[in-house]
Amino acid sequence: MTFTTRFAPSPTGPLHLGHAYSALLAFDLAQKAGGRFLLRIEDTDTARSTPAFEQQIYDDLQWLGLSWEEPVLRQSQNANAYDAALARLAQMGLVFPCACTRGDIRRAASAPQEGAPLHGPDGVIYPGTCRHRRWQDRTETDALRLDMAAAVTRLDRMPDYVETGVVPTQPITEHHLRTEIGDVVLARRDTGMAAYHLSVVVDDAAQGITDVVRGADLAPATPIHVVLQVLLGLPTPIYHHHRLIRDDTGKRLAKRDDARAIATYRAEGASPDDIRRLVGL
Ligand code: GLU
């Protein structure tokens, strides 16, 4: 199988040094393996994604010396594929509609009998308020969630995956899935668009990604992706979670951190090689 990897930014802010590291590392690994490097625009968050940020991604990556195969997959144009995957999970009885707001979830999860709310990869673990609701009764304004306890019963055995990056692999356990991850969102309440966990799994498979190269911050979400791959009958790629680029105070860079935006370095006269040096490549 040809080594195939991707860089999958969301156009919700300027690319910063952390993105540059991720994209350059994925590109270099593909070159070294004589493989393929793809770019995917993860713009399912339609409220925060903008055409200007998307254009800036193309400009910055080109400037860095990267090239990728065309056409670029834009998730906002791929809703049918996510709907099909969602319908398949729903037919298996694994999806329920949920009308809870963030506030509802926080309040239910911190009710006195619950103790301190537990946090998972997506924030507070869903306390199960709407889990009794049926998929058939969903409304336009509901989010759609995976019933993780039901999903676990559909697995023949606990799945695993290969990690080649900096994050030690933890075996996936039923306890972890049920109590430390829980009923993750598959489609959003606000827009009805597929949520990250579903779209990333569908697209990695559709694009034939053999090796996912991404930041260590996404390692905790990987068990969710692997479970969805097994449920949907999709292959599990190899995961390479890389170290994170931090600022001088040790904090992980965020989209808001304009000071470390690639565009800022460009404007100040830095070269692509300067960027490589700055991120330790
Ligand atoms: N779109 C995600 C981000 O910008 C990356 C998803 C991934 O690489 O799996 O953080």
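On the stretch given as the stretch 255-281, residues that are open to solvent by 30 Å² or more (accessible area, probe 1.4 Å) and either assigned to a loop (DSSP other than H, G, I, E, B) or aliphatic (A, V, I, L, M) (or both) total 12. Among the residues making up the stretch 79-92, those that are open to solvent by less than 40 Å² (accessible area, probe 1.4 Å) and touching a helix residue (DSSP H, G or I) at 6+ places or on another chain (Cβ under 7 Å) are A81, Y82, A85, L86, L89, A90. Only one entry of L186, L228, L232 meets the criterion of being within 15 Å of the ligand (Cβ to nearest atom) and of a type outside the set (D, E), and that entry is L228.
Here are L228, L177, L218: which of them is over 17 Å from A8 (Cβ atoms) and either of a type in the set (S, T, N, Q) or in a helix (DSSP H, G or I) (or both)? Testing whether each residue is over 17 Å from A8 (Cβ atoms) and either of a type in the set (S, T, N, Q) or in a helix (DSSP H, G or I) (or both) leaves just L177.
Name the single residue that is surrounded by the fewest Cβ atoms within 10 Å (Cβ to Cβ) among those in the stretch 189-234 being small (G, A, S) and under 14 Å from the mean Cα position of the chain (by Cα).
Initial filter on the stretch 189-234 (small (G, A, S)): 192, 194-195, 199, 205-206, 208, 215-216, 219, 221, 233.
Okay, now just the ones that are also under 14 Å from the mean Cα position of the chain (by Cα), so 194-195, 199, 205, 215-216, 219, 221.
On the way: A194: 26, A195: 23, S199: 25, A205: 19, G215: 21, A216: 14, A219: 20, A221: 18.
Going through the qualifying residues, I end up with A216.
Counting only residues that are within 12 Å of the ligand (Cβ to nearest atom) and within 19 Å of T264 (Cβ to Cβ), the stretch 15-51 holds 6 of them. Just one of the numbered conditions (1) β-branched (V, I, T); (2) open to solvent by 10 Å² or more (accessible area, probe 1.4 Å); (3) away from the ligand (no atom under 13 Å from the Cβ) is not true of T12: (3).
When residues in the stretch 79-121 are screened for being touching a strand residue (DSSP E or B) at 6+ places or on another chain (Cβ under 9 Å) and among the hydroxyl-bearing types (S, T, Y), 2 of them pass.
The values are calculated or read from the model by the stated rules, or taken from the named source; none is laboratory data. Remember, predicted model here, so these are calculated numbers, not experimental data. Here Cβ is always computed from backbone atoms with ideal geometry, including for glycine, and neighbour counts include all displayed protein chains. In case anyone asks, the SASA skips ligands and DNA or RNA and just uses the protein heavy atoms, side chains included. Shrake-Rupley method; radii C 1.70, N 1.55, O 1.52, S 1.80 Å.
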